[in-house]
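To start, the structure under review is shown below, and the notes come after it.
The values are calculated or read from the model by the stated rules, or taken from the named source; none is laboratory data. No experiment lies behind these values; they were computed from the predicted model shown. Glycine gets a Cβ as well: all are built from the backbone with ideal geometry, and neighbour counts include every protein chain shown. Just so you know, the surface numbers come from the protein's heavy atoms only, side chains and all, with ligands and any DNA or RNA stripped out. Shrake-Rupley method; radii C 1.70, N 1.55, O 1.52, S 1.80 Å.
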Amino acid sequence: GLLDCSFLATDIQTCQSKGKVLTISLGGGGASVGFQSDSQAEAFADTIWNDFLGGSSSTRPFGSAVLDG
């Protein structure tokens, strides 16, 4: 499960209102990540969209904040 960091939503939105772009980084430096199929990659992309970007989910770790990418 993801941590509940919804307390950061206001800070994220404040930074964005000042023109700052907030993104999420996946994999880290030198990490090797792959998918076994197109459907597995699509499911992962859907999860990222719904949890951090413009989608919706009951498990959004940053609450109402929507990251930029």
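Does LEU67 satisfy being in a loop (DSSP other than H, G, I, E, B) and open to solvent by less than 70 Å² (accessible area, probe 1.4 Å)? Show your work before the answer.
On the way: in a loop (DSSP other than H, G, I, E, B): yes; open to solvent by less than 70 Å² (accessible area, probe 1.4 Å): yes.
Here the answer is yes, as LEU67 does meet what is asked.
How many residues does region 12-38 contain that are β-branched (Val, Ile, Thr) and either touching a Pro at 6+ places or on another chain (Cβ under 7 Å) or farther than 11 Å from ASP68 by Cα (or both)?
As a first pass, look at region 12-38 and keep what is β-branched (Val, Ile, Thr): 12, 14, 21, 23-24, 33.
Restricting the remaining residues to those that are either touching a Pro at 6+ places or on another chain (Cβ under 7 Å) or farther than 11 Å from ASP68 by Cα (or both) gives 14, 33.
Total meeting the criteria: 2.
For region 4-20, indicate whether the set of residues that are open to solvent by 60 Å² or more (accessible area, probe 1.4 Å), assigned to a loop (DSSP other than H, G, I, E, B) and in contact (Cβ under 8 Å) with a residue 40 or more places away in the chain is non-empty.
yes
Counting just the residues of region 24-64 that are of a type in the set (Val, Ile, Thr) and out of contact with any Leu (no Cβ under 6 Å at 6 or more places or on another chain), which one comes out surrounded by the fewest Cβ atoms within 10 Å (Cβ to Cβ)? So that I can check it myself, show each step before the final result.
Our first condition is that a residue be of a type in the set (Val, Ile, Thr); within region 24-64, this holds for 24, 33, 47-48, 59.
After this cut, where a residue has to be out of contact with any Leu (no Cβ under 6 Å at 6 or more places or on another chain) as well, the list is 33, 47-48.
Numbers: VAL33: 8, THR47: 13, ILE48: 13.
Top of the filtered list is VAL33.
Go through region 21-64 and count every residue that is part of a loop (DSSP other than H, G, I, E, B) and in contact (Cβ under 8 Å) with a residue 40 or more places away in the chain.
Counting residues in region 21-64 that are part of a loop (DSSP other than H, G, I, E, B) and in contact (Cβ under 8 Å) with a residue 40 or more places away in the chain gives 10.
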